[in-house]
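Any read-out appearing in this document is the output of simple, stated calculations on the displayed coordinates, not a laboratory observation. Given the structure is predicted, the values throughout are model-derived calculations rather than measurements. All Cβ positions, glycine included, derive from the backbone under ideal geometry; neighbour counts span all protein chains shown.
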Amino acid sequence: MGTSGEAGHAVTTTDNSTAEFPVQHFLQVLMHRKWLVLAVWVLVSTTTAVIALKLPDVYMSETLILVDPQKVPDAYVKSTVTGDVRNRLGTLSQQILSATRLQKIIESLNLYAEERKSGMAREDVINKMRADISVKVVSDFGSSQDLQAFRISYSGSEPRLVAQVTNQIANLFIDENLKAREQQAQGTTEFLTNRLQETRKAIVDQEAKLRDFRLQHIGEMPEQQNADLQLLSQAQAQLQFEADAIGRGEQQRSYLQSMMAQSSPVVDLDETTQKTPTDGGETATRTVAVKPSVAARARLAELLARYGEQHPDVKRLKSQIEEAEAHEAKEGNKLPPPPPAEAKEAASKEKPAPRPPARHFNPVLQAQLKALDAEMSKHKEEQQRLAKLVATYRAKLDAIPVREQQIAELERDYQMSKGYYGQLLDKQLAAQTATEMEISQKGEKFQTLDSAQPAERPSKPNRVLIDAVGSLVGLLLGLAMATGKEFAIMSIISPKDVLAAGGLAVLGVIPIIRTQHDQRTRRTRILVVAASVVIAAVAVGAFVVYRYRII
């Protein structure tokens, strides 16, 4: 079956169950509907170009901040700020991009004036500015994982204002980093100083406990054991000496008592009876006092016979004899006068009742026995004192193991506190030095490597890319519209399509007969399309040259 008429009037059929869709057929369809494809492409491309031209220019300025390492080597001064720079940068970003900081920058530089005049909420304005700020880590400084640099960028409509805002944000990062490092160093120093004071107080308390413990247990300390043993030995030797002295005294006492028992009892201990004849031929008796020095000299003779001149008892007895003789020299040794004759006669007339004769002992032996008893009493008192002293020293020696354990615990705690105090002192001094280093800005810091400059061309929008995407979309849309019907209805364009669609053979093809009017109309369409394409290309090229300074 043949076709006739305009090329645009193609015969279609719905019986496409056996129709095939070769590539040549679609090419024929595109050529048949080329004006539709061209019209859609030009329309979409022009619309996209106009929209791209209407978009506002956005300028971006950025600054590069270098992480300047510590100036002083770590071997001399170790920094107390040892946190990861990336983590610190994240913390600084949260602080600087907070609502309070951004609100101050917006008000000081009068940013987003149109948005604020239009009634946009303050939170929305702050979020818009936060979206316009970008902080990116530079990763092209080698393979080291340590942060070495980062970029700060800001986007806006005015190039100079954008550069000013970028530099101000960069300065905030630098200042806040220095302040944060200084505060962290000072906080470390403060903490160590407080711990040092607490440890010093604990050491003072422990020293007081040690001192009080030593004072309360004098002689029971382990280091005093040798001295206690020596004192105990001396006390035991003295105790033995006193025991020997008491033993000798007991022997001497027994000897004196035996001597007194063997001697004639004609004298009393303190007085001697003398018999004197009277005128009547009778004998009168009188009592004569015995001098104490005589008994003492008898005792001295006995001691000299047993000991030497340098014996303590001999020396003491000599001093007693000298004192007694001096006392006797003063008072004199006078006997009482004899009684008168009348008293004698009266006494002789009175015959008193006889009384039993008194037994008198040798005064010398009795004086020696009395001195011996006094001496033995002193030795016994000294023996009791020495026994108590020996018991005291033995108790101290027995308590030394217990005190040794107690003092070991106290000294262990004291030494631990003292060692910890020394460590804290070293750390505190190092922290003070590190703080001074941070204050003098000799530690790690951020340094502006490239300050932000006003941008000469906008960074957004990318009109070339937008126009290219618009042209591509328009072309794809035109092709889709031109070939979309072929999936539903098969168009008959060539004799082969007739045979494929209906199975009828084509006897002949009548060519399209174009009049002069048709030819003029076709030429006019071609010229209009060509002119539109040329004009669009020239406009886009001129804009690109002007905007991006390609030439």
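For Met416 and Asp175, the FRET efficiency from 1/(1 + (r/R0)^6), where r spans their Cβ atoms and R0 equals 35 Å, is about 0.20. Here the peptides 385-398, 405-418 are ranked by packing, the mean other Cβ count within 10 Å, and the order with the highest first is 385-398, 405-418. For segment 32-93, a crude dipole built from +1 on the beta carbon of Lys and Arg and -1 on the beta carbon of Asp and Glu, taken about the Cα centre, is about 360 debye to the nearest 20.
Inter-label distance, Arg520 to Gln384: 16.4 nm, where each label sits 7 Å from its Cα along the C-beta direction. From the cross-link list Lys117/Lys460; Lys128/Lys179; Lys78/Lys442; Lys78/Lys427; Lys71/Lys136, which pairs have alpha carbons spaced over 18 Å apart? In this structure, Lys117/Lys460; Lys128/Lys179; Lys71/Lys136 exceed 18 Å between Cα atoms.
Scanning residues 5 or more positions from Lys445 or on other chains, those with amide H under 5 Å from its amide H are Asp68, with H placed 1.01 Å from N in the peptide plane.
Find how much the distance from Gln251 to Arg195 grows on full extension, using 0.36 nm per residue of separation minus their present alpha carbon separation; answer in nm with one decimal. All intermediate terms of the calculation are to be shown ahead of the outcome.
Details: separation 56, 0.36 × 56 = 20.16 nm, distance 7.50 nm.
The Gln251-Arg195 span can extend by a further 12.7 nm.
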